[in-house]
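Colleague: To start, I am sharing the structure in question, which I have written as structure tokens.
The values are calculated or read from the model by the stated rules, or taken from the named source; none is laboratory data. Fair warning: this is a prediction, and the values are worked out from it, not measured in the lab. Here Cβ is always computed from backbone atoms with ideal geometry, including for glycine, and neighbour counts include all displayed protein chains. Heads up: the accessible areas ignore ligands, DNA and RNA and are worked out on the full protein's heavy atoms, side chains in. Shrake-Rupley method; radii C 1.70, N 1.55, O 1.52, S 1.80 Å.
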Amino acid sequence: MSPARYSTQRLVLTAVVWLPPLVFILLPLLLFLAQSFLRVQGTEVVYEPTLANYVRFFTDPAFLPTFWLSVVLAMEVAAMAVIFAYPIAYFLASLDSRVKYAMALAFVVPLLMSYIIKIYAIRSLIGGNGFVNRILLSLGVIDTPITLFSLNRNAVLLTLTLLLIPYAILPIFVALEKIPRSLLEASADLGASAWQTFRGVVLPLTLQGIVIGASFTFVLALGDFVTPQMVGGIEGFTFGRIIYSQFGFGNNWPFGAALSVILLAVVLVAIIIADRIGRSRFAT
Amino acid sequence: MMRATGLVRLALWSIAGPVLVLLYGPLAVAIFFSFFKFRSNQVQWDSFSFDAYEKLTQNENVVGALGNTLLVGVSAVAAALVFGTLLAFYYHGSQGRARTWLQLIIYLPFVMPPILTGLALLIFFRQIDFPRSLVTVVIGHTVFVLALVYRNILARLQTLSRSLVEASLDLGASRWQTFRYVLLPNLATAVLASAVLAFALSFDETLITLLVTGTSNTLPLWLWSLMRLGFTPDINALVTLILIGTTGICLFAVRYLTVPQAR
């Protein structure tokens with residue numbers, strides 16, 4: 001094959017691989033960013049740059065409190081997910097290698113099961129009119145339905161944690177699996193107690209896994225707008241739902257785009273913080 | 001490898017066990033109530049029947065939504081496989097910063113919250129006056145699963161020895177023959193595994209789909225619109241069927257993921 005033909009081929013390949021990502025990923029994101037600096041008048045988008053959307057977000061009392069509540073909720077989800085995921089990942093890592101991967105699979109398979117179905121199934125169990133309440137009522141255990149998890153913030157927290165916990169289990173499990181056995185033996189030989197080995201060796205070596213799990217669950221919880229709507233009722237009016245409503249009833253796309261850019265900024269900050277912690281001197 | 005003994009082991013079980021129950025319990029309840037009826041706060045144990053399933057086959061909406069979902073899944077996976085493979089080869093065969101930037105762009109839809117990917121595409125389609133339809137859903141799904149397919153194929157490609165390709169070329173095979181008879185067979189399991197996983201993701205995708213779809217429903221969207229109404233045996237039957245389907249897909253994928261090379 002002649003060099004000229006080879007380089008033409010290379011050029012074609014380069015164009016073919018670059019074009020789709022540029023057109024269908026980067027360009028939409030840039031348009032999206034641009035849209036956030038426009039405004040609507042009536043139902044028409046006015047094409048002149050303005051910061052009005054961002055000013056509105058920071059000054060209108062309707063948005064900032066909801067935004068902070070949503071960020072706190074997503075943080076709680078991330079914290080809950082990691083707190084429960086760590087012992088589970090440790091449990092998995094401590095199992096015999098014959099059953100270890102089968103058990104690990106059992107905790108990860110729900111990720112591939114329909115998201116909508118899981119929300120629906122959880123809702124049908126825990127709601128005020130859910131099966132748990134109805135059965136407890138018919139057994140005479142309680143007189144009035146338990147409303148702790150019916151259409152409120154607790155329900156959103158519980159559901160999101162359950163939906164996202166596999167994302168936290170997986171990276172922690174992988175981090176635990178990577179620890180060489182010799183390190184633990186060395187620690188024990190040098191007289192460290194089990195707790196000291198855990199605190200001084202295992203925990204620092206799994207910090208990166210924890211951080212990956214926490215940031216993943218945080219990002220997904222913050223952007224979700226279906227779960228809060230399905231299980232949250234009025235208390236579940238989160239930032240994701242406000243964004244979504246701008247593209248529906250609100251019909252203010254530029255403002256919706258600006259709110260999404262703010263969401264993106266929070267996500268980026270979360271990823272950067274996670275990256276910093278993951279690389280700090282406490283981790284390896 | 002960790003070891004856990006005595007009390008620690010018990011404590012770990014007491015967390016892992018309940019979480020496992022919470023992960024699967026709700027699904028089990030839904031499956032249960034696709035066969036049994038629940039009346040006046042009591043499970044009617046004598047009401048076992050397949051009625052809900054029969055009603056489901058007569059529902060044209062379900063059949064249509066299922067058809068759309070399969071069509072979207074197959075198209076998106078096919079597109080993602082073609083571009084994912086090309087991208088993996090491009091990344092593997094080039095140097096410099098450009099390829100890192102390209103990789104970053106591909107990863108974006110996978111790491112961003114789905115609402116952002118969906119909204120960006122929604123705005124893009126409106127700006128270029130492209131009507132929303134199943135085509136836009138396919139584009140959305142392709143963009144979403146591309147990173148996964150690309151990553152899997154690249155990882156496999158990087159484990160292959162360069163000498164394989166060199167030997168093939170030395171023996172007089174053309175570049176196409178080398179790709180077809182040397183590289184592709186070695187990549188086959190990685191391609192298959194990522195195709196199955198990508199299909200499972202597409203099958204379930206809700207948030208992006210909700211934003212970029214026109215009037216056609218996919219299964220998750222149709223379920224979502226139904227569920228706002230309540231908890232009925234039909235939905236439970238559909239849920240059961242979908243769970244059987246996705247679990248089957250998973251087991252298939254695991255077989256091909258855990259048996260690295262079936263020669």
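Colleague: With an 8 Å Cα cut-off and a minimum separation of 6 or more residues, compute the relative contact order for chain B in percent.
Modeller: That works out to 29 percent.
Colleague: Please work out how much length the chain gains when fully extended from A:THR43 to A:THR144, using 0.36 nm per residue of separation minus the C-alpha to C-alpha distance, in nm with one decimal.
Modeller: Stretched fully, the A:THR43-A:THR144 segment lengthens by 31.5 nm.
Colleague: Still on this structure, please answer the following. Can you give me the accessible area per residue for the range A:1-87, using a 1.4 Å probe, in Å²?
Modeller: 59 Å²
Colleague: Does the range A:116-218 classify as rounded, prolate or oblate by the C-alpha gyration tensor (a ≥ b ≥ c root eigenvalues; a/c under 1.5 gives rounded; else a/b over b/c gives prolate, otherwise oblate)?
Modeller: Here the range A:116-218 falls in the prolate category.
Colleague: Now for a different question. Averaging sequence separations of C-alpha pairs under 8 Å and six or more residues apart, then dividing by the length of chain A, give the relative contact order as a whole percent.
Modeller: Answer for chain A is 26 percent.
Colleague: Threshold 30 Å², probe 1.4 Å: give the residues of the range B:206-225, in number order, that are less accessible with all protein chains present than with their chain alone.
Modeller: Those are B:THR206, B:LEU207, B:LEU210, B:LEU211, B:TRP224, which lose 30 Å² or more relative to the chain on its own.
Colleague: Here's something else I'd like to know. Placing +1 on the Cβ of each Lys and Arg and -1 on the Cβ of each Asp and Glu in the protein assembly as shown, which of A:PHE37, A:GLN229, B:HIS141 has its Cα farthest towards the positive end of the resulting dipole?
Modeller: Of the listed residues, the answer is B:HIS141.
Colleague: Straight distance only, please: which lysines reach the Cα of B:LYS55 with their own Cα at less than 22 Å, same-chain residues fewer than 8 apart left out?
Modeller: The qualifying lysines are B:LYS37.
Colleague: Computing the accessible area with a 1.4 Å probe over protein heavy atoms, can you report the carbon and sulfur percentage for the range B:82-141?
Modeller: 65 percent
Colleague: Relative contact order of the range B:96-221, please, whole-number percent, based on alpha carbon pairs below 8 angstrom and at least 6 residues apart.
Modeller: For the range B:96-221, the relative contact order is 42 percent.
Colleague: Here is a further query. So with the 1.4 Å probe, I'd like the accessible area per residue for the range A:167-235, rounded to whole Å².
Modeller: So the range A:167-235 comes to 45 Å² accessible per residue, rounded to a whole number.
Colleague: Pick from B:GLY67, B:GLY84, B:GLY25: which is most flexible by mean-square fluctuation in a GNM of chain B where alpha carbon atoms under 10 Å apart are linked?
Modeller: Comparing B:GLY67, B:GLY84, B:GLY25 in a Gaussian network model of chain B, the most mobile one is B:GLY25.
Colleague: Mind listing, in residue-number order, the residues in the range B:171-201 that have at least 50 Å² less accessible area with every protein chain present than in their own chain alone (1.4 Å probe)?
Modeller: B:ARG175
Colleague: Okay, moving on. Calculate the radius of gyration of the Cα atoms of the range B:123-263 to one decimal place, then report Dmax, the largest Cα-Cα distance, as a whole number, both in Å.
Modeller: 20.3, 66
Colleague: In whole percent, how big is the carbon plus sulfur part of the accessible area of chain A, probe 1.4 Å, protein atoms only?
Modeller: Accessible surface attributable to carbon and sulfur in chain A totals 70 percent.
Colleague: From the square roots a ≥ b ≥ c of the eigenvalues of the alpha-carbon gyration tensor of the range A:1-138, which class results: rounded (a/c under 1.5), prolate (a/b over b/c), or oblate?
Modeller: oblate
Colleague: Classify chain A as rounded, prolate or oblate from the Cα gyration tensor: take a ≥ b ≥ c as the square roots of its eigenvalues, call it rounded if a/c is under 1.5, otherwise prolate when a/b beats b/c and oblate if not.
Modeller: The shape class here is oblate.
Colleague: Related question: Excluding ligands, DNA and RNA, what is the accessible area buried between chains A and B, summed over both sides, using a 1.4 Å probe, to the nearest 100 Å²?
Modeller: Chain pair A/B: roughly 7700 Å² of buried accessible area.
Colleague: Now, a different point. Do any trypsin sites (Lys or Arg not before Pro) in the range A:184-284 lie in a DSSP loop with no more than 10 other beta carbon atoms within 10 Å, and if so, which?
Modeller: Sites meeting the loop and neighbour criteria: A:ARG281.
Colleague: Tell me what chain A gives for mean residue ellipticity at 222 nm when only DSSP H runs of n ≥ 4 count, each as -39,500 (n - 2.57), the sum divided by the residue total, rounded to 500 deg cm²/dmol.
Modeller: So the helix-based figure for chain A works out to -23000 deg cm²/dmol.
Colleague: Rounded to the nearest angstrom and ordered from largest down, what semi-axes does the equivalent ellipsoid of chain B get from its C-alpha gyration tensor (root of 5λ)?
Modeller: The equivalent ellipsoid of chain B has semi-axes of 40, 27, 19 Å.
Colleague: Separate question: Under a 1.4 Å probe, what is the accessible area of the range B:50-114 per residue, stated in Å²?
Modeller: Spelled out: the 1.4 Å probe surface of the range B:50-114, per residue, equals 52 Å².
Colleague: So between B:GLU54 and B:LEU86, what do we pick up on full extension, going 0.36 nm a residue minus the alpha carbon distance?
Modeller: 7.0 nm is the gain from fully extending B:GLU54 to B:LEU86.
Colleague: Taking A:LYS118 as the anchor, which aspartates and glutamates have their alpha carbon closer than 17 Å to its alpha carbon, excluding any fewer than eight residues away along the same chain?
Modeller: A:ASP224, B:ASP204, B:GLU205, B:ASP234
Colleague: When every alpha-carbon pair in the protein assembly as shown is counted, what percent end up more than 34 Å apart?
Modeller: Every Cα pair in the protein assembly as shown considered, those over 34 Å come to 46 percent.
Colleague: Right, something else. Along Cα→Cβ, 7 Å out, is where each label goes; now give me the distance between the ones at A:MET103 and B:LEU164 in nm to one decimal.
Modeller: Label at A:MET103, label at B:LEU164, 3.5 nm between them.
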